[in-house]
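Enquirer: Have a look at this one before I ask anything.
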Amino acid sequence: MDGSAGRDIRADYEETVARLRKTFHSGKTRSFAWRRQQLEALGNAVATNEARIKEALKADLGKPDLEAAVAEVDYLTKECALAARKCESWSKPRGVGTPLSLMPSRSQMVPEPLGVALIIGAWNYPLQEVFGPLAGAIAAGNCAVLKPSELAPHASELLREIAAQVLDSDAFATVLGGAEETSALLEQRFDKIFYTGGARVGRIVMEAASKHLTPVTLELGGKSPAVVAADADLEVTARRIAWAAFMNGGQLCVRPDHCLIEESVYEPFLETLEKTVREFYGEDMKASPDFARIVNERHFDRLVGLIGDSKVLIGGEHDRSEKFLAPTVLRDVSPDAPSMQEEIFGPILPCLKVASIDEAISFINKRDKPLALYAFTKSSDVSDRILNETSSGTLMINDAVMFQANHHLPFGGVGESGMGAFHGQHTFDCFSHLKAVMKRPFFGDVSLRYPPYSERAAKLLRKLM
């Protein structure tokens, strides 16, 4: 569905949501055979279109083929396969305990689909961030409207084409367009909204959802720190941080946004980090086939402005005509520097010196809770302190980003970095209502619970209940 059509798009969207809701109420989506068929078709279509997906992501973001294959194609085919294999078992009632006072009874939580969902994706991983949540929505038995990002037009058009070819058109629809189309969509009543993007638009989504009391999952972002302790393996730490900070041109919500480095290893770590970046991308970083481009000129200009007058250890070269900004490491960065005032979301890595782990923890706790927090240390005492004395969506010890490859772990933020979580079964649960169910027989009826209440009955009831 193209939002540029001449007629009132609000009327179009109202009709679309009504059509999907009619399908949901028909019971069609509750069939496990139907769910598996949809998921298998989607996964197969993603795999079949791998070459076209790489081409679209190259056009939109200059994304390297390997990054496109791993983070988009492989991720989605695995999510779809897992959801197809597990959707029936995930849907089974989950038994819970029952107090002795309520015996004989049986208590359960029964997952049920929410209805019609709206999935709004971001531009940095344009297929993953729409089809990924969709896999869980289908597994849970929902219908959905898909809204990919207009900032990745080639990938969004391909996403619409794939969805139209393989998904049930009575249960799913895709809407293209920008802010006007998204605003019109948000006026509709959905049963769930899943949004991936920035906090500013996240607030708009949440405000719109509140008018219909629609539950939301907000996958946002923030400034995710990497703490480098004095006892860290500097070579491994430098490789893992550089890889995570500069993949996809730094346009990744869980990238290490900045480093907090204990002063005793500050200079040795920076030397190792500089050497590592050169090894990864060469002396002519612009010629590297393994480095992506900035999504558009507006983001390019913002990123160049964040460098400002900071001391550049390596990188800093840029070419607006090609939307190229070299992997850039900033040294001796002040907490008041432009790069420390907002999420960077690009290939810039400020490195700050801290006197101790105490100072690093204090620094983190004075700012918004990050989506991810990375700690590099050989000391379990240090990692335990960071675990227990900070709050973040995810904590990873001695690596960065790789936790996303574990579908058993929930992925989501806290506070300013988002609410709700997904991946694997957590995505299924995100699009489900866990209905509380208690079943009791007719026998064993206790007359003491009914009026008129005697003093003896009151005492017994208070002990039992």
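Enquirer: Please report, for the Cα atoms of region 379-439, the Rg to one decimal and the Dmax as a whole number; what are they, in angstrom?
Expert: 15.0, 51
Enquirer: Now a separate question. Lys and Arg at +1, Asp and Glu at -1: add these up for the other residues within a Cβ distance under 14 Å of residue 109 and post the number.
Expert: Cβ neighbours under 14 Å give a net charge of +3.
Enquirer: Cα centroid distance between region 273-287 and region 200-252, in Å?
Expert: 24 Å
Enquirer: Further question on the same structure: Would you please give the residues with an amide H less than 5 Å from that of residue 314, counting only those at least 5 places away or on a separate chain, with H modeled from the backbone geometry?
Expert: Those lying under 5 Å, H to H, from residue 314 are 329.
Enquirer: Right, another one. List, in order, the whole-Hz ³J(HN,Hα) value for each residue of region 30-40 obtained from phi through the Karplus relation with A = 6.51, B = -1.76, C = 1.60 and θ = phi - 60°; use x for Gly and Pro.
Expert: Per-residue couplings from phi come out as 7, 5, 5, 5, 5, 4, 4, 4, 5, 5, 5 Hz.
Enquirer: Something else: Share of antiparallel DSSP beta bridges in region 266-367, in percent to the nearest 5?
Expert: Antiparallel bridges: around 60 percent, rounded to the nearest 5.
Enquirer: Using only Cα atoms, figure out Rg for region 240-375 and give it as a multiple of 2.2 N^0.38 Å.
Expert: The value comes to 1.00.
Enquirer: Could you give the length gained on full extension between residue 446 and residue 332, defined as 0.36 nm per residue of separation minus the Cα-Cα distance, in nm?
Expert: That works out to 33.7 nm of additional length.
Enquirer: Beyond a 22 Å Cα-Cα separation, which of these cross-linked pairs lie in this structure: 58/286; 147/211; 223/353; 54/78; 58/369?
Expert: Beyond 22 Å between Cα atoms: 58/369.
Enquirer: Report the label-to-label distance for residue 170 and residue 311 in nanometres (one decimal), using points 7 Å from each Cα along the Cα→Cβ vector.
Expert: 6.7 nm
Enquirer: Please list 3J(HN,Hα) in residue order for region 157-170, calculated via the Karplus relation 6.51 cos²θ - 1.76 cosθ + 1.60 where θ = phi - 60°; whole Hz, with x for glycine and proline.
Expert: Karplus-based 3J(HN,Hα) across region 157-170 equals 5, 5, 4, 4, 5, 4, 4, 5, 6, 10, 9, 5, 5, 7 Hz.
Enquirer: Arranged by the count of other C-beta atoms within 10 angstrom, fewest first, what order do 300, 131, 291 take?
Expert: Ordered from fewest to most neighbouring Cβ atoms within 10 Å, 300, 131, 291 come out as 300, 291, 131.
Enquirer: Moving to a separate point now. Assuming 0.36 nm per residue, please report the length gained on full extension of the stretch residue 74 to residue 439 beyond their Cα-Cα distance.
Expert: Gain in length upon complete extension: 127.1 nm.
Enquirer: Could you put 190, 32 in order, starting from the residue whose Cβ has the fewest other Cβ atoms within 10 Å?
Expert: 32, 190
Enquirer: Distance between Cα centroids, region 396-445 to region 301-363: provide it in whole Å.
Expert: Distance between centres, Cα-based: 34 Å.
Enquirer: Can you give me the Rg/Rh ratio for region 356-465, using Cα atoms for both radii and the Kirkwood formula for Rh?
Expert: 1.31
Enquirer: So which trypsin sites (Lys or Arg not before Pro) in region 134-233 end up in coil per DSSP with only 10 or fewer other C-beta atoms within 10 Å?
Expert: 211
Enquirer: If you find the alpha carbon centre of region 50-70 and of region 105-167, how far apart are they in angstrom?
Expert: Measuring centre to centre over Cα atoms gives 20 Å.
Enquirer: Moving to a separate point now. Express in nm, to one decimal, how much length is gained between residue 103 and residue 381 on full extension, taking 0.36 nm for each residue of separation and deducting their alpha carbon distance.
Expert: Full extension from residue 103 to residue 381 adds 95.5 nm.
Enquirer: Hull surface divided by four, with the convex hull built on the Cα atoms of region 1-124: how many nm²?
Expert: Averaging across all directions leaves 11.9 nm² for the Cα convex hull.
Enquirer: Could you list 311, 439 in order of exposure, starting from the residue whose Cβ has the fewest other Cβ atoms within 10 Å?
Expert: 439, 311
Enquirer: Between residue 11 and residue 288, take the C-beta separation as r, use R0 = 45 Å, and let me know the FRET efficiency to the nearest 0.05.
Expert: So, using R0 = 45 Å, E works out to roughly 0.40.
Enquirer: Taking loop as defined by DSSP and a crowding limit of 15 other beta carbons within 10 Å, which GluC sites (Glu not before Pro) in region 248-288 fit?
Expert: 283
Enquirer: OK, next. Taking only the C-alpha atoms, wrap a convex hull around region 180-245 and report its volume per residue in Å³ as a whole number.
Expert: That works out to 117 Å³ per residue.
Enquirer: Express the Stokes-Einstein translational diffusion coefficient of region 322-398 in µm² s⁻¹, to the nearest whole number, given a Kirkwood radius over alpha-carbon pairs, 4 °C and a viscosity of 1.567 mPa s.
Expert: Rounded to a whole number, D works out at 93 µm²/s.
Enquirer: A further question follows. Taking R0 as 60 Å, what FRET efficiency do you get between residue 301 and residue 92 from their Cβ-Cβ distance, rounded to the nearest 0.05?
Expert: 0.70
Enquirer: Quick one: if the Förster radius is 56 Å, what FRET efficiency do residue 356 and residue 37 give, using the C-beta to C-beta distance and rounding to 0.05?
Expert: Taking R0 as 56 Å, the efficiency between residue 356 and residue 37 is 0.45.
Enquirer: Next question. Kindly work out what percent of the DSSP beta bridges joining two residues of the chain are antiparallel, to the nearest 5.
Expert: That works out to approximately 35 percent antiparallel.
Read-outs: derived from the displayed coordinates by stated rules, not from any lab. The shown structure was predicted, so the numbers you read here are calculated from the model rather than taken from an experiment. Cβ atoms come from the backbone with ideal geometry, glycine included; neighbour counts cover every protein chain shown.
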